[in-house]
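The values are calculated or read from the model by the stated rules, or taken from the named source; none is laboratory data. Since the model is a prediction, treat every value here as computed from it, not as a measurement. Every residue, glycine as well, gets a Cβ built from its backbone with ideal geometry; the counts of neighbours run over all protein chains shown.
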Ligand code: SF4
Ligand code: SF4
């Protein structure tokens, strides 16, 4: 395949694409026998025509159209890999095609924002074009200390929880809970960089490696052993991808820690019911990718919530649409999975949709406005529910 210059080649010469797909990590494409089970479970087929089976077939023949939108659709939700009888790694294959497109600098318009995110990640350590020095501003006025060696844990806040006005409330709730429970924790502030999980899924492998190495060096230099995260994306990459750099840290998601603190009696929760009908959405990277289904439900139960389950929950959870870097890409209103999810939440009578992921909350909040459900449905992070239900020892009830 010739390097792209001015004209985009419609179909790249097949042998080179096959070799490049293999080199980029998509070699399992050859195992596919085209049964189509992946397409049946793919959420895209709820909103438009899309076939990962066809993409796999084309890639195995070297006929991929790297200029099109299709290779950018997969949200890496994890649904099709768990249904494939041949062990095809659809996510890795999709990412390998994006790496090729990135190498040839071929991006459809809807994907360009993800390229802007790459630049911002390299310059400021976050995808939101925010100032690195303002990363800890959310903690102003709170008892939150810089991390020091010997502390019980590092709270790795993550980009959205550090900067996004909606998500900062979750970071604040987290800090209040940790303080109330007497957890000895600190943050890295401006020394924290994006975990790099999502940008890697857009094919920007070098950006991921740069971020990962920066974070690993900071963790090692500061004597970090145990890391608390609020985002399932940070959780997944620290736990499953950073070991590629020959390091291993103990990683805890907030849902795991909340349950532990409740069971140890370090958080006191008000008695009595939550008072509103609540449903829970399993984020792909917490559930399907890492198997944390019971912990959030147990936490909600201890917070007085009587959960009503969504029609597609746990392993079958419907993706919000934000993974795989899609949170930075444009999705037409009629193609947003999050709209479907909110309709499901209303159909089960929920007044509050609880989840535990910044991308889910971002997409759900947007859908709440689009669907004009803002009067009848609240979107909450599980941390916010626990903070509301908590008896603060310093302030008494509430
Ligand atoms: S489920 Fe697996 S074998 Fe079947 S079409 Fe999809 S990738 Fe191929
Ligand atoms: S991982 Fe999810 S979004 Fe991606 S192709 Fe498979 S089912 Fe579709």
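Looking at 299, 333, 327 in this structure, which one is away from ligand 1 (no atom under 16 Å from the Cβ), in contact with a helix residue (DSSP H, G or I) (Cβ under 7 Å, 6 or more places away or on another chain) and closer than 22 Å to residue 241 by Cβ? Break it down stepwise before answering.
On the way: 299 fails: closer than 22 Å to residue 241 by Cβ; 333 fails: closer than 22 Å to residue 241 by Cβ.
Just a single option satisfies the conditions, and that option is 327.
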>> Checking the conditions here, which among 318, 292, 307 is over 28 Å from residue 208 (Cβ atoms) and outside the structural domain of residue 203 (by TED's automatic domain parsing)?
In response: 307
> Here are 302, 346, 288: which of them is over 23 Å from residue 371 (Cα atoms) and more than 18 Å from the chain's Cα centre (by Cα)?
Replying inline: 302
>> Please count how many residues of the range 174-212 are touching a helix residue (DSSP H, G or I) at 6+ places or on another chain (Cβ under 7 Å) and in a helix (DSSP H, G or I).
In response: 17
> Quick check: is even one residue across the range 127-148 free of Cβ contacts under 8 Å to residues at least 12 places away in the same chain, within 16 Å of ligand 1 (Cβ to nearest atom) and over 24 Å from the mean Cα position of the chain (by Cα)?
Replying inline: no
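Would the range 119-139 turn up any residue that is within 16 Å of ligand 2 (Cβ to nearest atom) and either surrounded by fewer than 14 Cβ atoms within 10 Å (Cβ to Cβ) or within 22 Å of residue 37 (Cα to Cα) (or both)?
Taking the range 119-139 and keeping what is within 16 Å of ligand 2 (Cβ to nearest atom), we get none.
Scanning the range 119-139 turns up no residue that is within 16 Å of ligand 2 (Cβ to nearest atom) and either surrounded by fewer than 14 Cβ atoms within 10 Å (Cβ to Cβ) or within 22 Å of residue 37 (Cα to Cα) (or both).
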> Exactly one of (1) part of a helix (DSSP H, G or I); (2) touching a residue at least 40 places away in the same chain (Cβ under 8 Å) is unmet by residue 123. Its number?
Replying inline: (2)
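Given the criteria without any contact (Cβ under 8 Å) to a residue 40 or more places away in the chain, closer than 13 Å to residue 126 by Cα and surrounded by fewer than 20 Cβ atoms within 10 Å (Cβ to Cβ), does residue 191 qualify?
On the way: without any contact (Cβ under 8 Å) to a residue 40 or more places away in the chain: yes; closer than 13 Å to residue 126 by Cα: yes; surrounded by fewer than 20 Cβ atoms within 10 Å (Cβ to Cβ): yes.
Answer is yes for this residue.
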> Is it the case that residue 56 is within 14 Å of ligand 2 (Cβ to nearest atom), surrounded by 22 or more Cβ atoms within 10 Å (Cβ to Cβ) and either in contact (Cβ under 8 Å) with a residue 12 or more places away in the chain or under 21 Å from the mean Cα position of the chain (by Cα) (or both)?
Replying inline: yes
> within 15 Å of ligand 1 (Cβ to nearest atom), in contact (Cβ under 8 Å) with a residue 60 or more places away in the chain, surrounded by 21 or more Cβ atoms within 10 Å (Cβ to Cβ) and part of a loop (DSSP other than H, G, I, E, B) - does that describe any residue in the range 81-103?
Replying inline: yes
> If you scan the range 33-47, which residues turn out to be within 9 Å of ligand 1 (Cβ to nearest atom) and outside any loop (DSSP other than H, G, I, E, B)?
Replying inline: 37, 38, 39, 40, 41
> Does the range 157-173 contain at least one residue that is crowded, with 24+ Cβ neighbours inside 10 Å, over 14 Å from residue 137 (Cα atoms) and in contact (Cβ under 8 Å) with a residue 12 or more places away in the chain?
Replying inline: no
